[in-house]
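The structure under discussion appears below in the form of structure tokens.
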Amino acid sequence: MRIFIAFEESFEPFEVSADETVEAVKRMIKDYFYIPLSEDEQGRQYLELMYAGAALENSWSLADVGISFCSILKCFVKRKGDIEASMMRENH
């Protein structure tokens, strides 16, 4: 089935199966957009996929969350160190 990924200024179609995991779709996105995900002194970068306003867990299949033909998923690059730092600032 065809889904669409919104990433930065791009809006691209991807052919996937309904039983594909979120993690597998993230790998496709990483390879398609040449997104460097690595660990450095500031923390680990990772992809986050969102559908209908909710973040998707890596182990879920697309069918688990009702993603079907022509669904649109939003993709963001996140940095784990940034999240932890902001949480620490909020707690102090």
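None of the figures in this text is laboratory data; all of them are computed from the coordinates on show. No experiment lies behind these values; they were computed from the predicted model shown. Counting neighbours? That spans all protein chains shown, and the Cβs are built from the backbone with ideal geometry, glycine included.
Quick look at the values:
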read-out: Simple spin-label estimate for residue 68 and residue 31 in nanometres, 7 Å along Cα-Cβ; value: 2.8 nm
read-out: Segment residue 2-residue 54, extension gain: residue separation times 0.36 nm, minus the distance between their alpha carbons; value: 16.7 nm
read-out: Separation of the residue 38 and residue 18 label points, Cα + 7 Å toward Cβ, nm; value: 4.0 nm
